Amino acid sequence: MDFELSPTQAQLRDSMRRFVQEKVTPAARGWDRSGSFPRAAVDELAALGALGISVDPAYGGSGLGAMETAVVVEELARGDGSLALTVASHNGLATGHLQAAGSAAQKERYLRPLAAGEMLGAWALTEPDSGSDAAALRTTATREGDTWHLQGSKIFITQGCVADVCIVLACTDRAKKTRGITAFLVEQKTPGFSSRPLTGKLGMRASDTASLTFDAVALDDAQRLGEVGNGFVDALKTLDKGRITLGALSVGLGTAALAAARTYALQRRQFGKAVAEFQAIQWKLADMATELDAARLLTYRAALLCDAGKPFSKEASMAKLFASEAAMRATEEAVQIHGGYGYIDEFPVERFYRDAKLCTIGEGTSEIQRLILARHLQKA
């Protein structure tokens with residue numbers, strides 16, 4: 001297994017790095033302070049092809065894979081976690097599920113504009129009373145002829161207010177439990193569908209997060225995504241890929257924190273010398289670098305297995321678990337190295353620290369990842 005980036009992947013990384021340096025890093029603090037969704041930056045990323053990285057070229061995408069998506073998301077996260085989360089969610093969840101389970105007509109109608117950035121996508125699984133126990137969702141879809149009636153609510157949905165189309169998981173047969181869950185494509189303008197932004201977040205403030213309500217939403221059967229009752233199975237596969245992108249996002253945040261901490265430690269002088277000369281600081285930086293390299297390699301392994309068509313669920317959970325917790329440790333240490341300056345937003349490490357916390361929660365908490373891994377070990 002070769003972990004070296006190919007020339008194409010290296011070129012992609014370098015182009016994203018330039019974009020981040022020129023367009024993202026200078027604006028990130030302002031986006032965070034205002035909590036505003038960076039629509040212009042998302043449009044620019046769309047023009048660069050970042051919203052259709054892994055979409056089949058037949059539908060206007062780049063036809064690349066999980067590895068390339070990871071490279072892009074990591075670079076974006078080094079500038080701003082919120083923007084990286086937007087790209088990760090759009091690619092890993094919304095277009096990922098649609099590409100895997102959609103019909104040719106659905107792909108033509110939605111996947112093509114999603115890949116071009118003409119539309120944004122959202123993916124709605126979590127509910128007010130159904131988080132880690134995703135199979136216990138209460139949103140229902142009842143069929144009458146060729147029409148489905150959607151009723152219920154979702155919460156903590158990334159892009160929930162700004163997305164043009166949302167993939168919604170709903171219960172269609174309670175008795176069948178996980179085999180009674182079906183996915184639907186719901187356009188933002190559909191009567192009965194409403195979204196409300198969630199504000200006051202700890203981090204990822206420039207990422208749109210919303211609660212969704214479905215009040216007697218009528219959907220034609222053509223809006224059903226995948227087979228009836230197969231929504232949860234498709235969702236689990238989608239989450240596996242999403243965990244790779246969240247691992248990459250974690251690595252990007254941690255790497256940015258490490259770079260900022262190193263720069264500050266070399267410049268900050270105490271007791272007549274740079275604090276980087278003190279062993280306590282050196283060891284912090286060494287541990288941060290080691291863990292982040294390990295997290296990157298775990299993420300690359302999962303991505304390469306995915307692109308090779310091999311089983312990667314266990315490896316994706318490992319990558320997401322280790323990378324997210326490594327990012328938390330790295331960003332916390334970066335704040336510590338900055339001392340009092342790390343506690344104010346004049347320096348970006350406090351934002352990295354706040355943003356990183358979501359990575360241990362979203363797309364399956366650290367506790368859920370450990371449960372998944374334990375089950376894999378029991379089967380071994």
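Just one of 321, 305, 371 is closer than 28 Å to residue 210 by Cα, open to solvent by 10 Å² or more (accessible area, probe 1.4 Å) and touching a helix residue (DSSP H, G or I) at 6+ places or on another chain (Cβ under 6 Å); which is it?
Just a single option satisfies the conditions, and that option is 321.
Could you grab me the full set of residues in segment 351-368 that are among the basic types (Lys, Arg) and either assigned to a loop (DSSP other than H, G, I, E, B) or surrounded by fewer than 21 Cβ atoms within 10 Å (Cβ to Cβ) (or both)? Break it down into steps so the answer makes sense when it comes.
Step one: of segment 351-368, the residues among the basic types (Lys, Arg) are 351, 354, 357.
The answer is 354, 357.
If you take the residues in segment 207-249 that are under 26 Å from residue 322 (Cβ atoms) and not in a helix (DSSP H, G or I), which one is most open to solvent (accessible area, probe 1.4 Å)?
Filtering segment 207-249 for residues that are under 26 Å from residue 322 (Cβ atoms) and not in a helix (DSSP H, G or I), the one most open to solvent (accessible area, probe 1.4 Å) comes out as 209.
Count, please, the residues in segment 347-380 that happen to be modelled with pLDDT under 95 and acidic (Asp, Glu).
Counting residues in segment 347-380 that are modelled with pLDDT under 95 and acidic (Asp, Glu) gives 1.
Using the structure shown, decide if residue 141 is more than 22 Å from residue 42 (Cβ to Cβ), in contact (Cβ under 8 Å) with a residue 60 or more places away in the chain and of a type in the set (A, V, I, L, M, F, W, C). Steps first, answer last, please.
Working: more than 22 Å from residue 42 (Cβ to Cβ): yes; in contact (Cβ under 8 Å) with a residue 60 or more places away in the chain: yes; of a type in the set (A, V, I, L, M, F, W, C): yes.
Answer is yes for this residue.
Looking at residue 298 and the list (1) in contact (Cβ under 8 Å) with a residue 40 or more places away in the chain; (2) over 25 Å from residue 126 (Cα atoms); (3) surrounded by fewer than 20 Cβ atoms within 10 Å (Cβ to Cβ); (4) in contact with a helix residue (DSSP H, G or I) (Cβ under 7 Å, 6 or more places away or on another chain), which single condition is not satisfied?
Among (1) in contact (Cβ under 8 Å) with a residue 40 or more places away in the chain; (2) over 25 Å from residue 126 (Cα atoms); (3) surrounded by fewer than 20 Cβ atoms within 10 Å (Cβ to Cβ); (4) in contact with a helix residue (DSSP H, G or I) (Cβ under 7 Å, 6 or more places away or on another chain), the lone unmet condition for residue 298 is (3).
Working only within segment 257-272, note down all residues that are charged (D, E, K, R) and surrounded by fewer than 17 Cβ atoms within 10 Å (Cβ to Cβ).
Those that are charged (D, E, K, R) and surrounded by fewer than 17 Cβ atoms within 10 Å (Cβ to Cβ): 268, 269.
Within segment 42-64, take every residue that is assigned to a helix (DSSP H, G or I) and under 23 Å from residue 226 (Cα atoms) and give me the one that is least open to solvent (accessible area, probe 1.4 Å).
Looking at residues that are assigned to a helix (DSSP H, G or I) and under 23 Å from residue 226 (Cα atoms), I get 59.
Test residue 344 against the criterion of being surrounded by fewer than 17 Cβ atoms within 10 Å (Cβ to Cβ) and either of a type outside the set (Phe, Trp, Tyr) or free of Cβ contacts under 8 Å to residues at least 24 places away in the same chain (or both), and give yes or no. Steps first, answer last, please.
Values: surrounded by fewer than 17 Cβ atoms within 10 Å (Cβ to Cβ): yes; either of a type outside the set (Phe, Trp, Tyr) or free of Cβ contacts under 8 Å to residues at least 24 places away in the same chain (or both): yes.
Yes, satisfied.
Considering only residues that are surrounded by fewer than 16 Cβ atoms within 10 Å (Cβ to Cβ), of a type in the set (A, V, I, L, M) and not in a helix (DSSP H, G or I), which ones fall in segment 1-37?
Once the filter is applied, which keeps residues that are surrounded by fewer than 16 Cβ atoms within 10 Å (Cβ to Cβ), of a type in the set (A, V, I, L, M) and not in a helix (DSSP H, G or I), segment 1-37 yields only 1.
Considering only segment 62-117, state which residues are in contact with a strand residue (DSSP E or B) (Cβ under 7 Å, 6 or more places away or on another chain), aliphatic (A, V, I, L, M) and under 23 Å from residue 355 (Cβ atoms).
Scanning segment 62-117 gives 85, 93, 94.
The values are calculated or read from the model by the stated rules, or taken from the named source; none is laboratory data. Small disclaimer: the values here were computed from a predicted structure and weren't measured. We place every Cβ from the backbone using ideal geometry, glycine too, and count neighbours over all the protein chains shown. What goes into the accessible areas is simple: the full protein's heavy atoms, side chains included, and nothing from ligands, DNA or RNA. Shrake-Rupley method; radii C 1.70, N 1.55, O 1.52, S 1.80 Å.
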